[in-house]
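Have a look at the structure below before the remarks.
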Amino acid sequence: MGRAYQNRKESMAKTSDMKAKVYSRYGREIYVSAKSGGLDPTANLALRSLIDRAKKDQVPGHVIDKAIEKAKGGGGEDYSPARYEGYGPGGCMALIECLTDNPNRTFGDVRMAFTKTKCKIGTQGTVSHMFDHVAIFVFAHEDEDAVLEALMEADVDVSEIEDDNGTLTVFTPNTEYFKAKQALTEAFGELDFDVDEIQFVPQSYTTISSEDMEMFDKFMAMLNDLDDVQNVYHNVDLG
């Protein structure tokens, strides 16, 4: 499970180097979170995590403030989540998370990325059962046992903890996200999380040929070019 974040980071790095695109995605997600869960980051943990993540990715404060201000207005776009899945180049599996105000347009755009790379979009459940929906926390800490103990005392269902030279990666089911984060913060204070988010992690990885990798890069680039696409998860081993 441990390579999940690195794999995703590397695949995103190839295609998400356009700052405007990154700002737009965070802006949309912050707007939706603030509108549905409240404008106060201290009361809305999902919003607070999003803002922290945006700052780490060097999203300017005015972009964050504008998204929250927009949510305060109460009007604006009515975005809803949509998830698409299927088999990508080389038979890899792909899950695409979107926020859209026009599901028909978004489905058409995502399907186009599949068809133009000679792949096929599937129906719901085609590949999602081969991914675990998990909360991931990565932070510097020397005592794995103390972290596990703090989580267990808070009755958090811990899937796995990995220690990489003083950097711990904690995996829990996605439903345990808030409980796990609260337990970690209460036990160890305000931790500086390198990763603090919910992701889809593949249960196994696949290696694809160099020819398929070329098509995979095109596939990822097309998806990441779409305004409605927020996250793309796959099981290609990029290591």
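The values are calculated or read from the model by the stated rules, or taken from the named source; none is laboratory data. Quick caveat: nothing in here was measured; it's all calculated off a predicted structure. Neighbour counts run over all protein chains shown; Cβ positions are idealised from the backbone, glycine included. Heads up: the accessible areas ignore ligands, DNA and RNA and are worked out on the full protein's heavy atoms, side chains in. Shrake-Rupley method; radii C 1.70, N 1.55, O 1.52, S 1.80 Å.
A few comments on the model shown:
- Among the residues making up segment 186-226, those that are among the acidic types (Asp, Glu), under 27 Å from LEU99 (Cβ atoms) and either open to solvent by less than 50 Å² (accessible area, probe 1.4 Å) or assigned to a helix (DSSP H, G or I) (or both) are ASP196, GLU197, ASP217.
- Qualifying residue in segment 188-203 (condition: modelled with pLDDT under 95, in contact with an Asp or Glu (Cβ under 9 Å, 6 or more places away or on another chain) and of a type in the set (A, V, I, L, M)): yes
- Taking first residues from segment 224-239 that are charged (D, E, K, R) and partners that are crowded, with 22+ Cβ neighbours inside 10 Å, the Cβ contacts under 7 Å between residues at least 6 apart in sequence or on separate chains come to ASP228/CYS98; ASP228/THR100.
- ARG83 vs. criteria outside any helix (DSSP H, G or I), basic (Lys, Arg), surrounded by fewer than 16 Cβ atoms within 10 Å (Cβ to Cβ) and modelled with pLDDT of 95 or more: yes
- Applying the set (1) under 20 Å from the mean Cα position of the chain (by Cα); (2) surrounded by 16 or more Cβ atoms within 10 Å (Cβ to Cβ); (3) under 19 Å from GLY90 (Cα atoms); (4) at pLDDT 95 or above to PHE114 leaves exactly one unmet item: (1).
- Residues within segment 149-185 that are under 19 Å from PHE131 (Cα atoms) and part of a loop (DSSP other than H, G, I, E, B), tallied: 3
- Selection from segment 117-142 of residues that are part of a strand (DSSP E or B), open to solvent by less than 60 Å² (accessible area, probe 1.4 Å) and under 29 Å from ARG53 (Cα atoms): PHE131, ASP132, VAL134, ALA135, ILE136, PHE137, VAL138, PHE139
- Total residues in segment 37-75 satisfying the condition of being surrounded by fewer than 17 Cβ atoms within 10 Å (Cβ to Cβ) and part of a loop (DSSP other than H, G, I, E, B): the figure is 10.
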